[in-house]
Amino acid sequence: MKSAVFYGKHDIRIEEQPVPVLRQDEVLIRVKACGICGTDVHIFEGDKGAAAVTPPTILGHEFSGVVEAVGEAVTRCKPGDRVCVDPNCYCGNCRPCRDGMVHFCEHMIGYGTTVNGGFAEFCAVRERQVYLLGDNTTFEQGAMTEPVACCLHGMDLCGIKPGHHVAVIGGGMIGLIMLQLARLSGAARVALLEPVEGKRKAAQKLGADICINPLEEDAGAALQKAGMDHLDTVIECVGLPSTMAQAIQLAGYGATVMMFGLTKPDDTIPLKPFEIFQKEITLKASYINPCTQRRALDLIDSGRLDVSSMVCRTISLRELPDILREPALRAKGKYLVSPEM
């Protein structure tokens with residue numbers, strides 16, 4: 001089968017690999033769509049993502065497809081089912097799992113990180129990680145279930161209440177999902193800070209009340225002019241020290257700052273404890289997607305969450321290395337990989 005195998009920093013190769021042999025509790029999925037995530041870029045650059053990757057490994061953890069075959073112990077899936085995958089499989093036995101904090105599992109299996117994932121024609125996963133797609137959900141939308149699930153966990157931690165004012169920094173796929181979730185959570189007004197014009201236009205269509213180019217405007221002044229001088233929540237979706245510092249600066253009294261974007265492991269940010277004290281700011285971060293996959297699926301299938309308009313295009317496996325290598329290409333939007341192309 002065609003596969004994208006990661007061998008180390010800046011070294012991902014499109015090559016033939018054997019089709020996985022199923023264990024009794026596994027499902028073989030013919031991959032139809034797999035999203036390129038910021039975590040894949042971090043791994044390609046030699047950095048650690050949510051989990052350590054030991055090469056050679058087939059990357060790709062945002063994927064959907066059709067069940068091709070099932071192991072003898074599988075009961076909930078059958079060949080022909082349209083499915084997506086929660087890539088994070090918890091052991092259930094370690095202390096974090098037994099304490100109800102499964103996403104900190106000490107023995108986690110991560111499809112597309114610790115074991116082979118969805119940048120291939122086929123992927124074998126445990127039945128417990130497989131979710132049926134809704135009747136209204138395409139394979140492309142189904143591949144976006146995992147990032148939506150991660151965003152839902154972050155949104156739960158933000159504690160947005162009806163009537164709150166929210167700013168989202170970064171208008172990529174994650175930022176545009178967060179913008180919509182903030183509206184669905186009851187935010188009265190939502191602002192987006194994003195330098196790329198196309199992404200600002202997408203945000204306006206998705207319900208942003210104000211879009212600011214932070215490279216050309218004073219963000220604080222623009223927010224004040226728009227009647228958003230007090231922000232209850234700021235959600236950082238870029239993953240740069242500068243934008244995280246900006247999030248803290250813009251936060252209002254008693255606000256929550258969600259540091260959702262993934263930085264490089266050794267990045268630091270300037271922090272004035274007195275500013276945190278003076279405004280009583282709560283700093284939070286969000287780690288992967290514990291138990292939010294079904295909610296993400298239901299939101300997508302209901303049509304209340306748009307995960308399609310921000311997709312740039314679908315590419316073949318052959319094009320994947322170029323996208324991982326070129327920031328200018330990634331700046332155009334979300335890319336999906338179709339192993340069948």
Residue list for the range 207-232, filter: more than 18 Å from residue 253 (Cβ to Cβ) and charged (D, E, K, R): 209, 216, 217, 218, 225
Residue satisfying condition, being among the hydrophobic types (A, V, I, L, M, F, W, C), surrounded by 21 or more Cβ atoms within 10 Å (Cβ to Cβ) and not assigned by TED's automatic domain parsing to the domain that holds residue 111, within set 248, 276, 281: 248
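Taking the range 167-206, which residues are outside any helix (DSSP H, G or I) and either without any contact (Cβ under 8 Å) to a residue 24 or more places away in the chain or among the basic types (Lys, Arg) (or both)?
Selection gives 189, 195.
Within the range 303-326, how many residues turn out to be without any contact (Cβ under 8 Å) to a residue 40 or more places away in the chain and part of a loop (DSSP other than H, G, I, E, B)?
2
Does the range 56-63 contain at least one residue that is assigned to a helix (DSSP H, G or I), touching a residue at least 12 places away in the same chain (Cβ under 8 Å), among the aromatic types (Phe, Trp, Tyr) and under 29 Å from residue 240 (Cβ atoms)?
Checking the range 56-63: not a single residue is assigned to a helix (DSSP H, G or I), touching a residue at least 12 places away in the same chain (Cβ under 8 Å), among the aromatic types (Phe, Trp, Tyr) and under 29 Å from residue 240 (Cβ atoms).
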Filter result (out of contact with any Asp or Glu (no Cβ under 9 Å at 6 or more places or on another chain) and either surrounded by fewer than 17 Cβ atoms within 10 Å (Cβ to Cβ) or of a type in the set (Asp, Glu) (or both)) within the range 305-319: 306, 309, 313, 318, 319
Any hit, the range 13-26, residues being out of contact with any Leu (no Cβ under 6 Å at 6 or more places or on another chain), crowded, with 16+ Cβ neighbours inside 10 Å and modelled with pLDDT under 95: no
Residues (part of a helix (DSSP H, G or I) and farther than 21 Å from residue 183 by Cβ) located in the range 123-160: 127, 128, 129, 139, 140, 142, 143, 146
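The values are calculated or read from the model by the stated rules, or taken from the named source; none is laboratory data. What you see is a predicted model, and the numbers here were worked out from it, not measured in a lab. All Cβ positions, glycine included, derive from the backbone under ideal geometry; neighbour counts span all protein chains shown.
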